[in-house]
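A.B. asks: Once you've had a glance at the structure underneath, I'll fire off some questions.
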Amino acid sequence: MTTLTVTFAPNRKKARVEVDADKFERLAGVLGLFSPEFLTSVARSEEEIKTGKTRVLRSLKSLRRA
């Protein structure tokens, strides 16, 4: 099993994750990020963003009201 190094900055809400490039490619392959279906969905999402078919969410709570 591969491990990821996660570093949390003190008094911040951000985390930094360091991954070896080879391990990342292996993880991406396992998750299916190189599959044709995933790449097609990314291209479709980019097109929807360009045409304005998306909206900005301030929080997940706002989805309940919609």
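A.B. asks: Within the stretch 24-44, restricting attention to residues that are of a type in the set (S, T, N, Q) and more than 15 Å from the chain's Cα centre (by Cα), which residue is nearest to LEU4 (Cα to Cα)?
C.D. replies: SER35
A.B. asks: Please name all residue pairs, on different chains or six or more residues apart, with Cβ atoms under 8 Å, provided the first residue is in the stretch 46-58 and is free of Cβ contacts under 8 Å to residues at least 24 places away in the same chain and the second residue is of a type in the set (A, V, I, L, M, F, W, C) and not in a loop (DSSP other than H, G, I, E, B).
C.D. replies: Pairs found: LEU57/LEU63.
A.B. asks: For the stretch 45-55, how many residues meet the condition of being loosely packed, with under 11 Cβ neighbours inside 10 Å and under 16 Å from the mean Cα position of the chain (by Cα)?
C.D. replies: Total meeting the criteria: 2.
Since every read-out is calculated from the coordinates, none of them should be taken as a lab result. From a predicted model like this one, the values you see are computed outputs, not experimental measurements. So basically every Cβ, Gly included, is an ideal-geometry build from the backbone, and we count neighbours across all protein chains shown.
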